[in-house]
Each structure stands twice: as structure tokens, then as C-alpha cells.
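The structure that follows is given in the form of C-alpha cells.
The values are calculated or read from the model by the stated rules, or taken from the named source; none is laboratory data. What you see is a predicted model; the values in this text were computed from it and never measured. So basically every Cβ, Gly included, is an ideal-geometry build from the backbone, and we count neighbours across all protein chains shown. Heavy atoms of the whole protein, side chains included, go into the accessibility calculation; ligands, DNA and RNA do not. Shrake-Rupley method; radii C 1.70, N 1.55, O 1.52, S 1.80 Å.
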Amino acid sequence: MNKIRAAITGVGGYVPDYVLTNKELETIVDTTDEWITTRTGIKERRILKGENQGVSVMAIAAVKEMLAKTKTNPAEIDLIIFATITPDMTFPAAANIVATAVGAVNAFSYDMGAACSGFLYGLTTGASFIESGRYKKVIVIGGDKMSAILDYTDRTTCIIFGDGAGCVLLEPTTEDVGVMDYILKSDGTGENFLHMKAGGSRLPATHDTVDKRQHYVYQEGSSVYKFAVTNMAEVSAQVAERNHLTKENISWLVPHQANKRIIDATASRVGITEDKVMMNIERYGNTTAGTIPLLLWDYEKKLKKGDNLLLAAFGGGFTWGSVYVKWAYNS
Ligand code: UT7
């Protein structure tokens, strides 16, 4: 009998309406459109405005769109995995909120926190549930409301990130498509360079933690950059090499959108030209776990059954990895 693989059979996405441009950021912090564009490739990002709007708002919209497009009955969903570091609350899981809101009444659901690599961790976990033969329909969501944890007085972080969410549906197939291979990595020493200090069990929220602005993203950008540029490129090359993927037969590189210079370095390491690199960093910035599913959402119409996609990410933890996906359908 042929091996059961997990095929991506649908995608959905959502970005909020509010566009925060580099020009507007010039009025908030000491920066310029020119600096942001040349150092990161970002021109604008989306921000979720309004009271009581958690990340689940975006995820619910993305999942509803995907369910409608694929004509999937939500009651048939077995599992929802939500990769996010900005859940609506510490608990319950944002995935539980999403499952109920979309009518996935028979699903179990949980969150997964692996920062910018979260979607790759979620995708491979979801694929394993499908490959086990026990589950038939799994939704993997990646999304973050980064604006909730950004310090808009810190020009080194607030210019990079934006809000958004995307999702995929995984279903079993015995065809030679789907999640084919992956390498995932983590290294806890990354804590020193990229973290949010307070609000967890080590340093719960107090007036003092608020006064010290410890509920915001802290990043030593240039250190993270050095780790990211080396590791994202290296792991992508390893997955490519062991699957005989070359610049000729890779259809698309699907890289986490943190910095255009990191994306370019990864493409160059695997020998891929810019026309085969999915990119939306200029419009959305870094949406953390949202970047890769939002790319799939943006490029869905260009994808053909049998296309070889090399997904790659690097982020807080540190966490990083690369996943080889063979696309399963024509739009
Ligand atoms: O997705 C999760 C993982 N995160 C990443 O992968 C991010 C990796 N890091 C980066 O993308 C880059 O390091 C940044 C975009 C964050 C920063 O770019 P950089 O080229 O590494 O700049 P830098 O931090 O080395 O700073 C260079 C200069 C500094 O000024 P001095 O000390 O040379 O006078 C900064 O103060 O640029 C200054 N600077 C800015 N200037 C204008 C930093 N941020 C800004 C800004 N506008 N927004």
C-alpha cells in the first residue's frame, strides 16, 4: 500500500484593513522610509485596530474563507493547530476560540508557540496526525497580532512587524504530493537575543514590569540577523540536497518574511533566482507565524499540482527549519 501523505488542499488568509506605512512611522519614531526600505525591504504593514480584537479575529476570517473556498463542512474538521505567540489570552488557547467560532464542533484544538517558525512546526505536526491514518482533516493556522506586543517608541523593532494570519487544510493522499520532508531545529540560547521579558511565569505582570516596558518584544537585531542568515540558508540547502532539489526543479522558495536581505541570502544559497522567490514583505512586513501561510494565500493562483516548494523560517527561540512540500492541486 502507498504511504499516506498530508496534502495541502486549501489555503485562506486575512490581513487587517489599516495600512501603517513607513511614512507614518516617520511621524512616530526617529526613522526614514529610505532606512526601512533599504535595510528590510518593508514599505508598509497591516495593523489590527479596535477594542477587544485578538489574533483569533484574523484567524477566524482566514479559516472561514478557506472553508468556503474548499466547500468543507466545519463539523468534519478533526484538529486545529494554531501557531502563534500572541494568543488572545494566556489561556484558553486561541485555537479553541477559533474552532468554536468556525463551527468545528468535532475538532480538538491547541496552540503552538515557535515564534516565526511556528507555522512550519504546526504544518509538520499536523502532517504527522494525517500520516498516522487516524485523522482526515487538519487545519494549521499561523498568525500573530504583533502590534499588541510592540513598543512604538523602539525604532529597532516597531518598524519590522505587522499583523496577519493564514491557514491551510491538510488531508490524506496516497499520491506523490504533500509534505515530503523536513528538518526542524531549536536552540534556547536565542532567548538572550529575542524575547518578551515579562508576563510569563518567571516575571508576572506588575506595575514595575509595565513601567520598565518589559511586555514588549526585545530584539538584538544584528545578532539575530547573523544567526538567521546562516541557519535559514543552511537548513534549506540540507532539505534541498537530500531530496535532489535543484535550481531547475524547485518551483518556489517560500521564505519567512523577516528581512529581504535574509531572504536573498537563502535564495542565493540554494541557487534560486528572484522570480522563484515568494515575497510579500514589502506589503505586510514580518507577521511572525503568519508570513508563510500568507505567502501561500497570495500566490495560490500561480501554483500548479506537482510544483516543488521549499519552505524556510527562522525566529525566536531560536527556532528554525525547512519543509519540502509538493503542491497538490491546481486552483
Ligand atoms: O523574524 C524573527 C527573527 N528576526 C529577524 O530575523 C530580524 C533580523 N534582524 C534584522 O532584520 C536587522 O538586524 C534589523 C532590520 C532589525 C536592523 O538592521 P541592521 O542593519 O542589523 O541595523 P543595526 O541594528 O545594526 O543598526 C544599524 C544602525 C544603528 O545606528 P548606529 O548605532 O550605527 O548609529 C541603529 O541605531 O541603524 C540604526 N537604526 C535605525 N535607523 C533608522 C536601527 N533601527 C533604525 C530605524 N531607523 N528604524
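Put a dot 7 Å past each Cα toward the Cβ at residue 4 and residue 304; how far apart are the dots in nm?
It is 3.1 nm.
Hey, another quick one. Where does the charge balance sit around residue 250 when Lys and Arg score +1, Asp and Glu -1, over other residues with C-beta under 15 Å from its C-beta?
Result for the local shell: +1.
Can I ask one more? For segment 180-326, what relative contact order do you get, as a whole percent, if you take Cα pairs closer than 8 Å and at least 6 residues apart?
Reported relative contact order: 36 percent.
Separate question: Under 17 Å from a point 7 Å along the Cα-to-Cβ line of residue 49: which residues of segment 1-36 have their amide N that close?
15-28, by backbone N distance to the label point.
State, to one decimal in nm, how far the label point of residue 210 lies from the label point of residue 108, with both points 7 Å from Cα in the Cβ direction.
3.8 nm
I'd like the accessible area for residue 244, computed on protein heavy atoms only with a 1.4 Å probe and all protein chains in place. Round to 10 Å², please.
Counting only protein heavy atoms, the figure is 140 Å².
Something else now. How large a share of the accessible area of the chain, in percent, is made up of carbon and sulfur atoms when the probe is 1.4 Å and the other protein chains stay in place?
That share works out to 52 percent.
Continuing with this model, one more query. Tell me, what is the per residue accessible area of segment 5-176 in Å², probe radius 1.4 Å?
Result: 40 Å² per residue.
Starting from the Cα of residue 202, step 7 Å toward the Cβ, then list every residue of segment 119-150 with an amide N under 20 Å from that point.
Flagged as within label range: 149-150.
Determine the calculated [θ] at 222 nm for the chain from helices alone, applying -39500 (n - 2.57) to every DSSP H run no shorter than 4 residues and normalising by the residue count; nearest 500 deg cm²/dmol.
-9000 deg cm²/dmol
Taking a 32 Å limit on the Cα-Cα distance, which of the listed pairs 64/305; 64/247; 197/247; 23/185 fall beyond it?
Flagged as over cut-off: 64/247; 197/247; 23/185.
Using the Cα centre as the reference, give the magnitude of the dipole from point charges on the C-beta atoms of the chain (Lys, Arg: +1; Asp, Glu: -1; all else neutral), rounded to the nearest 20 debye.
620 debye
Among the GluC sites (Glu not before Pro) in segment 230-288, which ones are in a DSSP loop with at most 10 other Cβ atoms within 10 Å of the Cβ? Mind listing them?
In loop regions of segment 230-288 (DSSP not H, G, I, E or B), the sparsely surrounded GluC sites (Glu not before Pro) are 248.
Only sites in a loop by DSSP and with at most 14 other Cβ atoms within 10 Å count here; which trypsin sites (Lys or Arg not before Pro) in segment 1-58 make the cut?
Loop-located and lightly packed - 3, 49.
Out of all DSSP beta bridges in the chain, what portion is antiparallel? Express it as a percent rounded to 5.
Percentage antiparallel, nearest 5: 70.
Modelled label-to-label distance, residue 246 and residue 329, 7 Å Cα→beta-carbon offset: nm?
Rounded to a tenth, the inter-label distance reads 3.3 nm.
Top mean-square fluctuation among 163, 30, 151, Gaussian network model of the chain, C-alpha springs under 10 Å?
Judging by the Gaussian network model, the answer is 30.
Tell me, what is the per residue accessible area of segment 188-319 in Å², probe radius 1.4 Å?
Accessible surface, normalised per residue, equals 45 Å².
Residue 34 to residue 261: extension gain in nm, 0.36 nm per residue of separation minus the Cα-Cα distance?
80.2 nm
Can you tell me what share of the DSSP beta bridges in segment 180-326 is antiparallel? A percent to the nearest 5 is fine. Kindly include the intermediate steps, with their values, before the conclusion.
On the way: 16 of 21 bridges.
Approximately 75 percent, going by the DSSP bridge assignments.
Still on this model: Within a Cβ distance under 10 Å of residue 40, other residues only, what is the Lys/Arg minus Asp/Glu net charge?
Once all neighbours under 10 Å are counted, the net charge is +3.
Mark the label point 7 Å from the Cα of residue 156 along Cα→Cβ and return the residues of segment 24-53 whose backbone N is within less than 17 Å of it.
29-32, 36, 39-40
Between residue 24 and residue 191, what is 0.36 nm times their sequence separation minus the Cα-Cα distance? Round to one decimal in nm.
Gain on stretching residue 24 to residue 191: 57.0 nm.
Which of the trypsin sites (Lys or Arg not before Pro) found in segment 277-331 are loop residues per DSSP with 14 or fewer other Cβ atoms within 10 Å of their Cβ?
Loop-located and lightly packed - 304, 305.
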